[in-house]
Amino acid sequence: MKDRVINTPLSDEVVESLHAGDRLLITGIIYTGRDAAHKRLVELIDKGEPLPIDLKGQIIYFVGPTPPKPGEVIGSAGPTTSGRMDAYSPKLTAMGLKGMIGKGSRNEAVKEALKRDKAVYLGATGGAGALLAQRIVSAKVVAYEDLGPEAIRELVVEEFPVVVINDMYGGDLYVEGRKKYERKGDS
Amino acid sequence: MRELDVARVTETVAKLAIDACNYLGDDVVAFFEKALTLEESETGRDILAQLLENAKLAKDTDRPLCQDTGLAVVFLEVGQDVHFVGGGLEEAVNEGVRKGYTEGYLRKSAVADPIGARKNTTDNTPAMLHTRIVPGDKVRVIVAPKGGGAENMSAIGMLKPAQGRQGAVDFIVETVSKAGPNPCPPIIVGVGLGGTFEKAAYMAKHSLLREVGSTNPEPRLTELEDEIEKRCNALGIGPAGLGGSISVIDVFVEELPCHIASMPVAVNIQCHSARHKEAVL
């Protein structure tokens with residue numbers, strides 16, 4: 001299967017062209033954020049206050065990297081389990097967020113939000129933190145520095161490998177992939 | 001009585017924590033290589049190739065395999081003829097965690113006040129320490145960093161004795177099924193059967209220290225492990241949960257007698273970043 005290179009920010013047209021199972025290489029700016037940062041962003045949205053980053057067309061990568069060694073851009077940086085962000089994600093896609101990178105299943109509310117707001121959920125390989133860090137060209141903290149590994153960072157990535165898990169049409173690679181290889185009589 | 005300075009425990013814990021996080025065991029690497037030839041899904045094979053490349057990269061560049069360098073689970077098997085000097089043993093272990101996680105640029109993932117403020121303890125302490133007193137005058141130190149993603153998918157069932165072997169196997173397979181892609185498959189399934197509530201959980205965790213591919217010395221349990229593995233692989237979860245024929249690296253079972261009224265079954269799930277290193281002092 002040939003991997004397709006896509007650039008950020010994502011337009012509606014690009015999101016419309018993505019389907020569960022597509023393998024992509026992302027190039028451009030993405031933002032990091034996990035539990036604590038999501039909680040703060042949603043608190044601001046609920047209060048109607050401005051966000052520290054403009055989410056329109058952007059991708060958030062659910063990651064809390066290890067500290068970089070001197071001379072390194074970033075430490076190991078693989079995805080964390082996305083389900084913990086389920087409670088927050090629909091409010092972010094409503095603000096224009098177009099993509100999320102993580103690992104593990106999303107709930108129905110998130111899958112509905114992907115359809116409603118034309119967005120995608122992408123999977124990076126969990127546990128491949130050293131490998132994925134190689135695709136990150138630069139990193140800088142842009143908000144919530146006090147959160148340490150959970151701060152929001154702006155990353156510049158080059159051909160960062162992901163797979164489309166949930167597309168905007170209801171496709172779900174975790175469900176479809178598993179069904180394909182399930183041996184019912186044996187499980 | 002042999003005297004042992006606790007400073008050596010500190011040094012050892014620090015080194016083992018770093019080594020465990022950066023160097024994947026040869027047994028797991030060998031499994032990935034074998035799995036690459038057996039996995040039916042092309043995407044699954046691609047993931048396994050990424051994991052092999054990741055392990056090589058981590059080793060060559062002294063970087064953690066995974067950004068989740070875990071809570072520091074430490075097992076100490078202390079010879080009963082050892083007399084520790086130079087300070088408290090538990091504090092020495094915590095000092096080792098502090099040193100290893102700081103000097104090794106590992107992520108500090110421990111938070112205090114778990115249901116409230118969840119404030120980072122900043123040095124990844126406290127260690128999750130398990131000690132056993134054994135014959136002899138040596139100390140075996142095992143450091144097994146445990147990530148949150150797989151730990152969160154673990155479960156314990158206080159089943160009814162009437163549920164028997166079938167009920168236990170169903171509970172274990174169901175736990176793996178529900179976990180799906182979340183715990184970073186292929187996974188190791190650690191199982192503790194019997195004992196009490198906490199002993200079952202401890203056995204499930206302790207079983208994860210076994211070498212991948214090793215056989216349980218008890219034939220009854222070998223057969224049980226094989227059956228669980230076959231059923232879990234038939235779930236179709238596959239590498240990274242993207243679908244495939246290989247969902248499980250291995251299944252390890254430990255057991256103890258239990259109460260006439262109980263049948264505890266604990267399942268501790270280990271991601272493919274199956275990290276543990278040990279040393280004998």
Open item on the list: Run the simple label-point estimate for B:LYS59 and B:GLU103 please: 7 Å along Cα→C-beta, distance reported in nm.
Closed with: 2.4 nm
Task: Reachable lysines from B:LYS160, criterion Cα separation under 19 angstrom, eight or more residues apart if same chain - done: B:LYS199
Open item on the list: I want the antiparallel fraction of DSSP beta bridges within the protein assembly as shown, as a percent rounded to 5.
Closed with: 55 percent
TODO: State to the nearest 20 debye the size of the charge dipole of the range B:96-141 about its Cα centre, where the only charges are +1 on K and R beta carbons and -1 on D and E beta carbons.
DONE: 80 debye
Open item on the list: Under the rule of at least 5 residues apart or a separate chain, name every residue whose amide H is placed under 5 Å from the amide H of B:HIS276.
Closed with: B:GLY25
Open item on the list: Classify the range B:1-65 from the C-alpha gyration tensor, please: rounded if a/c falls under 1.5, else prolate or oblate depending on whether a/b exceeds b/c.
Closed with: prolate
Task: Residue with peak Gaussian network fluctuation, chain B [Cα springs, cutoff 10 Å], from B:PRO181, B:PRO64, B:PRO219 - done: B:PRO219
Task: Which of B:PHE32, B:PHE171 has the fewest Cβ neighbours within 10 Å, and the rest in rising order - done: B:PHE171, B:PHE32
Task: Most mobile listed residue (B:ALA200, B:ALA112, B:ALA49) in chain B, GNM with C-alpha springs under 10 Å - done: B:ALA112
Task: Furthest towards positive pole of dipole, B:CYS258, A:ILE165, A:LEU44, structure part the protein assembly as shown, Cβ charges - done: A:LEU44
Open item on the list: Charges at C-beta only: +1 for Lys and Arg, -1 for Asp and Glu. How large is the resulting dipole of the protein assembly as shown about its Cα centre, in Debye rounded to 20?
Closed with: 580 debye
Open item on the list: Using a Gaussian network model on chain B with a 10 Å cutoff between Cα atoms, which of B:LEU76, B:LEU57, B:LEU38 fluctuates the most?
Closed with: B:LEU38
TODO: Rank B:ASN22, B:ILE47, B:PRO114 by how far each Cα sits towards the positive end of the charge dipole of the protein assembly as shown (+1 on Lys, Arg Cβ; -1 on Asp, Glu Cβ) and give me just the farthest.
DONE: B:PRO114
Open item on the list: For A:VAL175, project a label point 7 Å along Cα to C-beta. Then give me every residue of the range B:229-243 with its amide nitrogen under 19 Å of that point.
Closed with: B:235-238, B:241-243
TODO: Report, ordered by chain and residue number, the lysines lying within cross-link reach of B:LYS34, taken as a straight Cα distance under 23 Å and ignoring same-chain residues fewer than 8 apart.
DONE: A:LYS180, B:LYS56, B:LYS59, B:LYS230, B:LYS277
Task: Sites B:LEU256 and B:GLU33 - FRET efficiency at Förster radius 41 Å, r taken between beta-carbons, to 0.05 - done: 0.70
- [ ] Quickly work out the A:LYS47-to-A:ALA109 label distance, labels modelled 7 Å from Cα along the C-beta direction, and quote it in nm with one decimal.
- [x] 2.1 nm
Open item on the list: Straight-line reach from A:LYS39: which lysines fall under 24 Å, measuring Cα to Cα and dropping same-chain residues less than 8 apart?
Closed with: A:LYS47, A:LYS56, A:LYS91, A:LYS98, A:LYS103, A:LYS111, A:LYS115, A:LYS118, A:LYS140, B:LYS108, B:LYS119
Open item on the list: Tell me which of B:HIS272, B:PRO183, B:GLY236 sits at the most positive position along the dipole axis of the range B:149-278, charges placed on C-beta atoms (Lys, Arg +1; Asp, Glu -1).
Closed with: B:PRO183
Open item on the list: Tell me the relative contact order for chain A as a rounded percent, counting alpha carbon contacts under 8 Å between residues six or more apart.
Closed with: 29 percent
Task: Cβ-placed point charges (K, R +1; D, E -1), dipole of the range A:76-171 about Cα centre in debye, nearest 20 - done: 240 debye
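Quick note: the coordinates plus some simple rules give every number you see, no bench work behind them. As the structure is a computational prediction, the values presented were derived from the model and not from experiment. Counting neighbours? That spans all protein chains shown, and the Cβs are built from the backbone with ideal geometry, glycine included.
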